[in-house]
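So the structure is just underneath, and the comments pick up after that.
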């Protein structure tokens, strides 16, 4: 089995437990290597965790954060994951939130031309592996921006791809965020010391249960690609 499952009493308990775990992990990383890098998901579930973590007494000037994926929008756009991450870590003095997308872009779907050059350069400058990756999961089983039905999904899920990031056009574009995405690939996300999946609610548990099945198809449930990879060692944290 390539995963473990920890159930928490509620979303607050999940956030507190993971904040404790990540603070301990960062303390060890900073002592051992003098710096640390976390790859962090956007979405509603993990941000209470991030705000708790940001209040911990760490040398944040030696910690870098990078989104697992980003919308192709300006850096001050409300849909920008890095913008939300900077706000969540406002108390972490000196922390660096690294971009996957330039500060200003053309994000209208009919004219935008997203590319991964900045993301690739940012990732290439980081030490490997990530100290930890925190993923969320959508109701369709996507993680990062590796959506079922996306044209680049096969490349994004390939375990042996040399690519660290790619352009993803969700199909269809979500009404609440109708933008192209830059997503880290599964292969890059798995190059980490700890791989954590945080998710909340009965609906998400039902998606997980489908993905646990031996015949789960990653083309339709991308998270299954991680859960059935014996090298991934996914730590799942779930609460009702």
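Taking the condition in a loop (DSSP other than H, G, I, E, B) and more than 29 Å from residue 105 (Cα to Cα), does residue 56 pass? Yes: the conditions hold for residue 56.
Across the stretch 137-166, which residue is surrounded by the fewest Cβ atoms within 10 Å (Cβ to Cβ) among those that are touching a strand residue (DSSP E or B) at 6+ places or on another chain (Cβ under 6 Å) and part of a loop (DSSP other than H, G, I, E, B)? Checking each candidate, the answer is 152.
For the stretch 59-76, name all the residues that are surrounded by fewer than 18 Cβ atoms within 10 Å (Cβ to Cβ) and either at pLDDT below 95 or not in a helix (DSSP H, G or I) (or both). Listed by number, the residues that qualify are 59, 74, 75, 76. Would you point out the residue of the stretch 209-240, among those that are surrounded by 15 or more Cβ atoms within 10 Å (Cβ to Cβ) and farther than 26 Å from residue 151 by Cβ, that is modelled with the lowest pLDDT? Looking at the filtered set, the residue picked out is 233. Is it true that some residue in the stretch 105-127 is in a loop (DSSP other than H, G, I, E, B), surrounded by fewer than 17 Cβ atoms within 10 Å (Cβ to Cβ), under 17 Å from the mean Cα position of the chain (by Cα) and in contact (Cβ under 8 Å) with a residue 60 or more places away in the chain? Scanning the stretch 105-127 turns up at least one residue that is in a loop (DSSP other than H, G, I, E, B), surrounded by fewer than 17 Cβ atoms within 10 Å (Cβ to Cβ), under 17 Å from the mean Cα position of the chain (by Cα) and in contact (Cβ under 8 Å) with a residue 60 or more places away in the chain. Looking only at residues in the stretch 167-189 that are under 15 Å from residue 80 (Cα atoms) and either in contact (Cβ under 8 Å) with a residue 12 or more places away in the chain or in contact with a strand residue (DSSP E or B) (Cβ under 9 Å, 6 or more places away or on another chain) (or both), the one that is surrounded by the most Cβ atoms within 10 Å (Cβ to Cβ) is 183. For residue 13, the stated conditions do not hold, so it cannot be described as modelled with pLDDT of 95 or more, in contact with a strand residue (DSSP E or B) (Cβ under 7 Å, 6 or more places away or on another chain) and not in a helix (DSSP H, G or I).
In the set (1) under 23 Å from residue 188 (Cα atoms); (2) in contact (Cβ under 8 Å) with a residue 60 or more places away in the chain; (3) part of a helix (DSSP H, G or I), the condition left unmet by residue 84 is number (2).
Yes or no, residue by residue, for (1) on the phi > 0 side of the Ramachandran plot; (2) in contact (Cβ under 8 Å) with a residue 40 or more places away in the chain:
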| residue | (1), (2) |
| --- | --- |
| 19 | no, no |
| 31 | no, no |
| 43 | yes, yes |
| 46 | no, yes |
| 50 | no, no |
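Candidates 216, 225: the one that is touching a helix residue (DSSP H, G or I) at 6+ places or on another chain (Cβ under 8 Å), at negative phi and not in a loop (DSSP other than H, G, I, E, B) is 225.
The values are calculated or read from the model by the stated rules, or taken from the named source; none is laboratory data. These numbers come from a predicted model, not from an experiment. Counting neighbours? That spans all protein chains shown, and the Cβs are built from the backbone with ideal geometry, glycine included.
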